[in-house]
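Here's the structure, in structure tokens; my notes come after.
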Amino acid sequence: MAIRLGDEAPDFTADTTAGSISFHEWLGDGWGVLFSHPKDYTPVCTTELGRVAKLKPEFDKRGVKVIGLSVDPMTDHEGWIKDINETQDTTVNFPMIADPDRKVADLYDMVHPNANDTLTVRSVFVIGPDKKVKLTLTYPASTGRNFDELLRVIDSLQLTANYQVATPVDWKDGEDCIIVPAVSDEEIPAKFPKGSRTIKPYLRYTPQPNR
Ligand code: BEZ
């Protein structure tokens, strides 16, 4: 069954390039990103994994652990990572799950048979500290994902979790946020000491609280 926002992220044990893990235990109390790529030794995936390795400090800064998955065996992962390091001028610095029997891929509904009946699509799951799924993305094999956008969404999710704000269209780090409707006008001065602007009773802005 498809995994929906708010669902608990299914737990599993798996072999990864960093050893065997129990997923929830590996996540600990922080945020996590689980993402699939269709196949080892393929061009788009090679560029994606290189990019994620380069962005690892950005994920670390946000307290987010990252883990990749493909339905290829560990020996393929190990050989391919050497190619990624060489061609993308980086060092892959996060674990990759080897899932040749599709145990995890099936658990997370990452194989979409009408697109391809053996490979995974490009799935992304962002998981919160409560182990609930906060974001899902699904891209086709032919389109590399935008991991800057993933970081932008994580920033938005973390602002909502910590400060009762939402982020407007095309929001970027540092721009004004929207006060969520659950906050009454009376609560605003105490909760948003940086001030607020009311455009309509339902459209209230405040400077980004954590800046
Ligand atoms: C790629 O990563 O380039 C790719 C993988 C599977 C199908 C098509 C492209």
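The values are calculated or read from the model by the stated rules, or taken from the named source; none is laboratory data. Being a predicted model, the structure only gives us computed values, none of them experimental. Here Cβ is always computed from backbone atoms with ideal geometry, including for glycine, and neighbour counts include all displayed protein chains. Please note that ligands, DNA and RNA were not included when accessible areas were found on the heavy atoms of the full protein model with its side chains. Shrake-Rupley method; radii C 1.70, N 1.55, O 1.52, S 1.80 Å.
A quick yes/no check of all residues on (1) within 16 Å of the ligand (Cβ to nearest atom); (2) of a type in the set (Val, Ile, Thr); (3) over 21 Å from the mean Cα position of the chain (by Cα); (4) more than 27 Å from Glu8 (Cβ to Cβ):
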{"site": "Asn93", "(1), (2), (3), (4)": "no, no, no, yes"}
{"site": "Ile97", "(1), (2), (3), (4)": "no, yes, no, no"}
{"site": "Tyr108", "(1), (2), (3), (4)": "no, no, no, no"}
{"site": "Ala115", "(1), (2), (3), (4)": "yes, no, yes, no"}
{"site": "Lys134", "(1), (2), (3), (4)": "no, no, no, no"}
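The sole residue among Ser123, Ser70 that is within 16 Å of the ligand (Cβ to nearest atom) and closer than 24 Å to Gln158 by Cα is Ser123. For beta carbons closer than 8 Å, sequence separation of 6+ or different chains, a first residue in the stretch 99-117 that is open to solvent by 60 Å² or more (accessible area, probe 1.4 Å) and a second that is part of a loop (DSSP other than H, G, I, E, B) and of a type in the set (D, E, K, R), the qualifying pairs are Pro100/Asp72.
For the stretch 153-173, indicate whether the set of residues that are under 29 Å from Thr42 (Cα atoms), away from the ligand (no atom under 15 Å from the Cβ) and open to solvent by less than 20 Å² (accessible area, probe 1.4 Å) is non-empty. So far as the stretch 153-173 goes, yes, one or more of its residues are under 29 Å from Thr42 (Cα atoms), away from the ligand (no atom under 15 Å from the Cβ) and open to solvent by less than 20 Å² (accessible area, probe 1.4 Å).
Applying the selection to the stretch 7-33, what residues are open to solvent by 50 Å² or more (accessible area, probe 1.4 Å), touching a residue at least 60 places away in the same chain (Cβ under 8 Å) and not in a loop (DSSP other than H, G, I, E, B)? Once the filter is applied, which keeps residues that are open to solvent by 50 Å² or more (accessible area, probe 1.4 Å), touching a residue at least 60 places away in the same chain (Cβ under 8 Å) and not in a loop (DSSP other than H, G, I, E, B), the stretch 7-33 yields Glu8, Asp15. The sole residue among Asp89, Asp148 that is part of a loop (DSSP other than H, G, I, E, B) and more than 30 Å from Glu187 (Cβ to Cβ) is Asp89.
Remark: pairs (first residue in the stretch 139-151, touching a residue at least 60 places away in the same chain (Cβ under 8 Å); second residue in a loop (DSSP other than H, G, I, E, B) and more than 15 Å from the ligand (Cβ to nearest atom); Cβ separation under 9 Å; 6+ apart in sequence or on different chains) = Leu151/Arg62; Leu151/Asp173.
Being within 16 Å of the ligand (Cβ to nearest atom), under 29 Å from Pro38 (Cβ atoms), open to solvent by less than 70 Å² (accessible area, probe 1.4 Å) and in a loop (DSSP other than H, G, I, E, B) is the requirement here; does Thr143 meet it? Against the criterion (within 16 Å of the ligand (Cβ to nearest atom), under 29 Å from Pro38 (Cβ atoms), open to solvent by less than 70 Å² (accessible area, probe 1.4 Å) and in a loop (DSSP other than H, G, I, E, B)), Thr143 qualifies. Against the numbered list (1) closer than 11 Å to Met96 by Cα; (2) assigned to a helix (DSSP H, G or I); (3) in contact with a strand residue (DSSP E or B) (Cβ under 7 Å, 6 or more places away or on another chain); (4) away from the ligand (no atom under 16 Å from the Cβ), His77 comes up short only at (4). State all residues of the stretch 35-51 that are more than 7 Å from the ligand (Cβ to nearest atom), open to solvent by 10 Å² or more (accessible area, probe 1.4 Å) and over 13 Å from Gln88 (Cβ atoms); if no residue qualifies, say none. Within the stretch 35-51, Tyr41 is the sole residue that qualifies.
Among the residues of the stretch 176-197, the ones that are open to solvent by less than 90 Å² (accessible area, probe 1.4 Å), under 15 Å from Ala166 (Cβ atoms) and not in a helix (DSSP H, G or I) come to 9 in all.
Mind checking whether some residue in the stretch 97-112 is in contact with a His (Cβ under 6 Å, 6 or more places away or on another chain) and either charged (D, E, K, R) or over 17 Å from Ile3 (Cβ atoms) (or both)? Yes, because at least one residue in the stretch 97-112 is in contact with a His (Cβ under 6 Å, 6 or more places away or on another chain) and either charged (D, E, K, R) or over 17 Å from Ile3 (Cβ atoms) (or both).
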